[in-house]
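**Q** My structure is below; once you've seen it, I'll send some questions.
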Amino acid sequence: MPRSLYVTAVEAASGKSLVSLGLAELLVRRVERLGFFRPVIRTQDEPDSDTQLMRERYCSELDYESTYAVTHAEARELYVNDRYDQLLKRILASYKAVESERDFVLCEGTDYTGVSSAFEFDFNAKVANHLGCPILIVVSGAEKSVFDLITALRSAREAFESEGCSIAALVANRVQPQLTEELRRRVEAEWGHAEPVFVIPEHHSLGRPTVGEIRKALHAEMLSGSEASLHREALNFKVAAMQLPNFLDHISEGSLVITPGDRGDVLLASLATARSENFAPIAGVLLTGGIRLADSIKRLIDGLKHVDVPVLTVDDDTFVAAAKVIRVRAKISPDNKRKIAAALGLFEDCVDANQLERRIDVARPQSVTPLMFEYQLIERAKKNRQHVVLPEGEDDRILRATEILLRREVADITLLGNRETIEELASSLGVDLTGARIIDPQTSEWREGFGRTYFELRRHKGVTQEVARDIMLDVSYFGTMMVHQGLADAMVSGAAHTTGHTIRPALEFIRARSGCSIVSSVFFMCLPTRVLVYGDCAIVPNPTPSQLADIAISSADTARMLGIEPRVAMLSYSTGESGRGDDVDRVREATRLAQALRPDLLIDGPLQYDAAVDPGVGMKKSPTSEVAGRATVFIFPDLNTGNNTYKAVQRSSGAVAVGPVLQGLNKPVNDLSRGCTVTDIVNTVAITAIQAQEVQPD
């Protein structure tokens, strides 16, 4: 039966969207087809922000129009005209349409804007009961004492219970950070009810709008800055009415400076803070009055290098513009990865997922979807945090990924590169690297020792001491040596270097682990409804039967390590005993060797790709096989076949390919594509951290 949960607040600005986001992320590891539904949205004039976030991240197959029933105006009209039953019927009909196509539906109640709180409370309670959903209550902790919060939690619980609602849990959100521990202790000591209460502190960035949200709300024109710079949160607002020397003393981190368009002095000084060691970087500048910049100042701004600060302009005067800015509400938008990472990190830290799962009705699906796969990666990595070195610390994608990794506590990160360059780039990007370690190989105290170690390891290959010392200036060699020496658990590189440059040091002195004859790789192919494993598509050109067997076994172990039950298909142009020739015989021999080495694994071959992946074809061509038609791990006979196949599937089906993930090394080192996205980097670091967990004792 379909399952559901109704998230409702008891007042405006409770941070309900953060809770819904965290719940959705929790649910996707157990639900193949997650649905989202809002009984009421504010207006049809612009898309509902929470719905857009959920659709783009979790259920893009749902049409936007199917995710809600009515607008606030429609709901009010039906209520005022004494047609409440008709309103509930419309909501139920819309909900049932979503429920019929989904395994679980996450519902989100009203926003407490535009109508009375008493009406909205009564409405949310009736809708939850009408839809048969248990509810999760969100109480805002903003400006509340511990006593006030305990009272608010009890009142909310009693009120919804009196309406006959089934309560799954309560969340005290946006609690003042200094009060969270006391509130948790008081709840644990005094609550005495079956349902859990989770406490989430206020986060400085989540409650603040981004410069992009301000731009959209004010219909501002953007004069300079990148699209990425618009994701900075405006932590405070500063109106520049003073003379410049006095005004500078009032600038603080994350300030949005609001000033008339003819104050070129304020504009230039504000932009200079992005490069100054004595001032915290601002979020942006808003120029008012519709005054155009002088050409000379515009040329000066355009020529500023490594200063990526958004400058906006509006026609409103300064007072009107400032009043509008103050009214802009913060949102978690689907394109703001850093805010999503902060929200999920906070939710995962404060909410006991296992306890909450026991309170809602979910069942584990048979297959692993891409969203489940990504969620499992993050969760596995977080449970035993590893130290990952990223040699390409001067690449903007690496810095953006580092911020996300740190916010979600996926791994401890060391960046390699020039400290000043990295910090300047991070400042210009608005990226927070708090918690990351930065090491410059050129000035590191480890360089001499690393060089001596490399000399001892490679002197038999003719490497001299001088060459060994110099080669440690190469970030790939330096990072790999950190892993070799136990100063980091793993390394990820390749965003700006070739595969050969990335893995050559690992092959030279980390080497293959005992019992594995060859280092190979796999790609995780994230298709719309499942994740498949392809190997080897990146490393070994023409494997022998014994090497092919090793690749199959390593790939199966990698799949299982990352939550995919391995059913291994040894691929060829022929299925079973029907084909003859050296190529198919090589696969047949590799299959025999792999089965003998690992009788605990389901391995079959030779199989054609269609027989391995399609249940109907598999039943026809190999009816007794436990792998045919159900394969999750696909082993290609050679690099040419594997590389072309993974790229063909990726391009023709829209699949996301994560990898190559190297396997068989003593310690994990992984390669990125030079076209990788920030999400690719985050996922690869999580996979690498999990691999590091496996080679270290608990």
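**Q** Please enumerate the residues belonging to region 456-474 that are open to solvent by 60 Å² or more (accessible area, probe 1.4 Å), among the charged types (D, E, K, R) and under 40 Å from the mean Cα position of the chain (by Cα).
**A** 469, 470
**Q** Further, regarding this structure: Go through 325, 320 for me and flag whichever is open to solvent by 40 Å² or more (accessible area, probe 1.4 Å), part of a helix (DSSP H, G or I) and either at pLDDT 90 or above or among the acidic types (Asp, Glu) (or both).
**A** 320
**Q** Return yes or no: is residue 632 out of contact with any Asp or Glu (no Cβ under 8 Å at 6 or more places or on another chain), of a type in the set (Ser, Thr, Tyr) and more than 17 Å from residue 550 (Cβ to Cβ)?
**A** When the stated conditions are applied, residue 632 does not pass them.
**Q** Considering each of 296, 276 in turn, give the residue that is among the hydroxyl-bearing types (Ser, Thr, Tyr) and assigned to a helix (DSSP H, G or I).
**A** Just one listed residue meets the conditions, 296.
**Q** Regarding residue 559, is this residue among the hydrophobic types (A, V, I, L, M, F, W, C), over 24 Å from residue 381 (Cβ atoms) and crowded, with 19+ Cβ neighbours inside 10 Å?
**A** No, not satisfied.
**Q** Could you give me the residue pairs with C-beta distances under 8 Å whose first residue belongs to region 47-64 and is under 23 Å from residue 329 (Cα atoms) and among the hydroxyl-bearing types (Ser, Thr, Tyr), whose second residue is open to solvent by less than 20 Å² (accessible area, probe 1.4 Å) and modelled with pLDDT under 90 wherever it lies, and which are 6+ apart or on separate chains?
**A** That search, which allows pairs on different chains as well, returns 49/332; 51/41.
**Q** So residue 23 passes all but one of these: (1) at pLDDT below 90; (2) open to solvent by less than 50 Å² (accessible area, probe 1.4 Å). Which condition number does it fail?
**A** Among (1) at pLDDT below 90; (2) open to solvent by less than 50 Å² (accessible area, probe 1.4 Å), the lone unmet condition for residue 23 is (1).
**Q** For region 560-579, state whether one or more residues are assigned to a helix (DSSP H, G or I), free of Cβ contacts under 8 Å to residues at least 60 places away in the same chain and more than 25 Å from the chain's Cα centre (by Cα).
**A** Checked region 560-579: no residue is assigned to a helix (DSSP H, G or I), free of Cβ contacts under 8 Å to residues at least 60 places away in the same chain and more than 25 Å from the chain's Cα centre (by Cα).
**Q** Mind checking which helices (runs of 4 or more DSSP H) fall wholly inside region 583-698 and carry at least 3 residues that are surrounded by fewer than 23 Cβ atoms within 10 Å (Cβ to Cβ) and not β-branched (Val, Ile, Thr)?
**A** Passing ranges, in order: 615-621, 639-653, 678-695.
**Q** List every residue pair whose Cβ atoms sit under 8 Å apart, with the two residues 6 or more apart in sequence or on different chains, where the first one lies in region 79-91 and is surrounded by 10 or more Cβ atoms within 10 Å (Cβ to Cβ) and the second, anywhere, is among the hydroxyl-bearing types (Ser, Thr, Tyr).
**A** These pairs meet every condition: 87/79.
**Q** Kindly indicate which of 202, 163 is open to solvent by 30 Å² or more (accessible area, probe 1.4 Å), in contact (Cβ under 8 Å) with a residue 40 or more places away in the chain, of a type in the set (Asp, Glu) and under 30 Å from residue 46 (Cα atoms).
**A** 202
**Q** Could you tell me whether any residue of region 247-255 is part of a helix (DSSP H, G or I) and over 29 Å from residue 422 (Cβ atoms)?
**A** Among the residues of region 247-255, at least one is part of a helix (DSSP H, G or I) and over 29 Å from residue 422 (Cβ atoms), which makes the answer yes.
**Q** Still on this structure, I have one more. Would you mind telling me which numbered condition in (1) open to solvent by 50 Å² or more (accessible area, probe 1.4 Å); (2) out of contact with any Gly (no Cβ under 9 Å at 6 or more places or on another chain); (3) more than 18 Å from residue 352 (Cα to Cα) residue 208 fails?
**A** (2)
**Q** Next question, about the same structure. Residues that are over 19 Å from residue 558 (Cβ atoms), in contact (Cβ under 8 Å) with a residue 24 or more places away in the chain and among the polar types (S, T, N, Q): does region 619-626 have at least one?
**A** Yes: region 619-626 contains one or more residues that are over 19 Å from residue 558 (Cβ atoms), in contact (Cβ under 8 Å) with a residue 24 or more places away in the chain and among the polar types (S, T, N, Q).
**Q** Taking into account only those residues within region 115-158 that are open to solvent by 20 Å² or more (accessible area, probe 1.4 Å), in contact (Cβ under 8 Å) with a residue 40 or more places away in the chain and among the aliphatic types (A, V, I, L, M), which is nearest to residue 22 (Cα to Cα)?
**A** So, considering only residues that are open to solvent by 20 Å² or more (accessible area, probe 1.4 Å), in contact (Cβ under 8 Å) with a residue 40 or more places away in the chain and among the aliphatic types (A, V, I, L, M), the one nearest to residue 22 (Cα to Cα) is 142.
**Q** Looking at region 254-263 only, could you name the residues that are open to solvent by 10 Å² or more (accessible area, probe 1.4 Å) and farther than 13 Å from residue 322 by Cβ?
**A** Residues satisfying the conditions are 262, 263.
**Q** Could I ask something else about it? Please enumerate the residues belonging to region 509-542 that are polar (S, T, N, Q) and modelled with pLDDT of 90 or more.
**A** 520, 521, 542
**Q** Scan region 507-515 and tell me whether some residue there is assigned to a loop (DSSP other than H, G, I, E, B) and buried (at least 17 other Cβ atoms within 10 Å of the Cβ).
**A** Among the residues of region 507-515, not one is assigned to a loop (DSSP other than H, G, I, E, B) and buried (at least 17 other Cβ atoms within 10 Å of the Cβ), which makes the answer no.
Residue-by-condition table, conditions (1) modelled with pLDDT of 85 or more; (2) part of a strand (DSSP E or B); (3) surrounded by 19 or more Cβ atoms within 10 Å (Cβ to Cβ):
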position	(1), (2), (3)
315	yes, no, no
341	yes, no, yes
374	no, no, yes
389	yes, yes, yes
392	yes, no, yes
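The values are calculated or read from the model by the stated rules, or taken from the named source; none is laboratory data. Keep in mind that this is a model prediction, so the values were computed, not measured. Quick reminder, even Gly has a Cβ in these numbers, built from the backbone with ideal geometry, and neighbours come from all protein chains shown. These area figures cover heavy atoms from the full protein model, side chains too; ligands, DNA and RNA do not enter into them. Shrake-Rupley method; radii C 1.70, N 1.55, O 1.52, S 1.80 Å.
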